[in-house]
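To start, the structure under review is shown below, and the notes come after it.
Taken together, the values in this text are just the output of simple stated rules run on the coordinates, not laboratory data. Worth saying up front: this structure is predicted, and the values here are computed from it rather than measured. When we count neighbours, we look across all protein chains shown, and the Cβ atoms used for this are built from the backbone with ideal geometry, even at glycine.
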Amino acid sequence: MEEKDVVVIGGGPAGYIAAIRASQLGAKVALIEKDKLGGTCLNRGCIPTKTLLRGVELIGLVNKAKHYGINTGEVTVDFAKMMKWKDKIVKMLEVGIYSLMKSNTIEVIKGRGELTSATQVEVETERGEKRTIQTKRIILALGSIPASVSIPGADSPGVITTDDALKLPQIPKSLVIIGGGVIGVEFATIFAKLGARVTLVEMLPQIIPNEDSELALSLEKSLRKDGVQIFTGAQVIGIEDNPNGVKSVIVSTEQGERRCETQLVLIATGREPYIEGLGLERIGVATTKDGIKTNEKMETNIAGIYAAGDAVGGILLAHVASAEGMIAAENALGKNSKMDYKVVPRCIYTMPEIGTVGITAKEAERKGLPVKVGIFPLARNSKALILGEQDGFVKLVTDAKSGEILGFHIFGPQATELVAEAALTMHMKGTVHEILSTIHAHPTLYEAIRETALEVQGIPIHNLAKGGRLS
Ligand code: FAD
């Protein structure tokens, strides 16, 4: 029988990172992947969506070029080419992961892994062979799949998942997106900017329901500007087929029922752990409805078995999955590492983008924390004006006494990059004073973060002083 020190099942951002870390710590590692290395993130998630978003961003940039004295012809989109370019980027990154595996001497086994005991994994390979691997440690990094919904008509043709949306042959004429969370708003941005008539339906009172309400309202406004029709506090109660080939989505709103005619319906209501048929019950690995149960060391209830990524529930983000994969691998190799979820940047790739970390002012209020909040409009940041992207703002939520940064929320260009400054400051338990006393380069977007810190302190420099004079 073949033997390994560590077997990782699942080659997404949790699994392949865990495999690399385990190998770095001296283990003989096998990584089992039934589909493509990179998992959801690379093949059906982060990377393909952001590549398409870069494409639609370019449409906006070219259209804006005339303001800078650059004349271009009419902008047209070759959607098939756009999709091919996306596939090319995905492929390049997949090849990159293979070379990482090779350079770390990790054996990649293509096939479906199943646990036959707490120390044995069986793989049915792509070629139909069965391989049994004896191992000291197992890391389960199985990921997630689009959650099923119980809406009548949701199983009819023309109702698609996000996986399908990334394989469409043409830009749909119209699209109803069910779910106004992070994934829903990203797809709304892509298809609205490509000219589809997009409707977004969110059950909760605001889109991106877990985020700051001012961010949500600003995003709502910018999506509406792109022609997206938005229903919040609304529920899809049925999807019907019409004789003309068009679908009707029946939406229950506070004002009554609305029928939205559409070519396609995209379900973006969330994801569920992909843990069926893995043999978890056989071995007694504890699960909840969110996924595999783990502690802060990513240990399951069975000694020697660890789990990481979307399969354990919690925050379903690639960087969280990778962090958990690292922790799982380190503990599998005898270290004592723990996950800390306090500072997790959350990025929303809309136009403008959103970058956020920590808590909102409302959450702080609910926790009884006295806070001081500063807001700085990007219209007063020179780089935003240079870029022609001055819509947006930065908001800092700080502890009123110590000045510690509790939350950072930005709506604006490159927000998903700018959030890094706040994340690092928060991780180092930095305060508004550290941001203030750090010289920020000019002209940059991140100067706006320092300006927001000045707002918190009541000494704005590039914003009008309240009441016309500085306090
Ligand atoms: P996955 O990436 O799902 O990988 C799990 C892998 O395990 C899969 O490849 C699967 O084939 C394999 N597998 C499962 N069972 C077996 C088995 N029995 N045997 C062998 N192999 C198996 N996150 C971000 O941080 N930023 C983003 O911008 C972002 N955008 C997203 C956009 C979309 C449309 C979607 C759907 C998700 C997005 N995410 C994003 C979320 C991100 O993709 C996931 O959080 C991340 O992929 C989770 O990583 P994972 O390794 O846990 O699981």
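For this structure, a couple of remarks:
- Charge dipole magnitude, Cβ of K and R +1, D and E -1 - the range 159-269, Cα centre, debye nearest 20: 440
- Counting every other Cβ atom within 10 Å of each residue's Cβ, PHE393, PHE411 order from fewest to most as PHE393, PHE411.
- Take every Cα pair under 8 Å whose residues are at least 6 apart in sequence, average their separation, divide by the length of the range 346-468, and the relative contact order is 29 percent.
- Within the chain, DSSP assigns beta bridges of which about 60% are antiparallel (rounded to the nearest 5).
- Only Lys, Arg, Asp and Glu carry charge here, each on its Cβ (+1 for the first two, -1 for the last two); on that basis the range 346-468 has a dipole of about 340 debye about its Cα centre.
- For the range 7-15, Karplus couplings with θ = phi - 60° (6.51, -1.76, 1.60), whole Hz, Gly/Pro x: 10, 9, 9, x, x, x, x, 6, x
- Ordering LEU166, LEU436 from the fewest to the most neighbouring beta carbons within 10 Å gives LEU436, LEU166.
- When you count the other C-beta atoms within 10 angstrom of each residue and take the mean per peptide, 115-125, 413-423 line up highest first as 413-423, 115-125.
- Only aspartates and glutamates eight or more places from LYS342 in sequence, or on another chain, were considered; those with a Cα closer than 15 Å are GLU296, GLU324, GLU363, GLU404.
- Cross-link partners for LYS401 among the lysines, with Cα-Cα distance under 19 Å and sequence neighbours closer than 8 places in the same chain left out: LYS362, LYS367, LYS372, LYS429.
- Distant-in-sequence amide contacts of GLN414, defined by a placed amide H-H separation under 5 Å and a gap of 5 or more residues or a different chain, comprise GLU353.
- Tail beyond 18 Å, pair distance distribution of the range 159-269 (Cα, percent): 44
- Residue pairs exceeding 29 angstrom between C-alpha atoms, taken from LYS110/LYS247; LYS136/LYS338; LYS64/LYS88: LYS110/LYS247.
- Spatially proximal lysines relative to LYS66 (Cα-Cα < 21 Å; intrachain offsets below 8 disregarded): LYS193, LYS225, LYS383
- Dipole magnitude of the chain about its Cα centre (Cβ charges: Lys, Arg +1; Asp, Glu -1), debye to nearest 20: 740
- Straightening the chain between SER103 and PHE79 buys 5.0 nm, computed as 0.36 nm per residue apart minus the Cα-Cα spacing.
- Normalised contact order of the chain, rounded percent, pairs of Cα under 8 Å and 6 or more residues apart: 14
- Convex hull volume of the Cα atoms of the chain, normalised per residue: 183 Å³.
- Toward the positive end of the charge dipole of the chain, with +1 on the Cβ of Lys and Arg and -1 on the Cβ of Asp and Glu, the farthest Cα among VAL343, LEU200, MET92 is that of MET92.
- Placed amide H near GLU2: partners under 5 Å, 5+ positions off or other chain: THR132, GLN134
- Of the GluC sites (Glu not before Pro) found in the range 184-287, those in coil by DSSP whose Cβ has at most 13 other Cβ atoms within 10 Å are GLU254, GLU276.
- Here PHE79, PHE408, PHE231 are placed in order of increasing Cβ neighbour count within 10 Å, fewest first, which gives PHE79, PHE231, PHE408.
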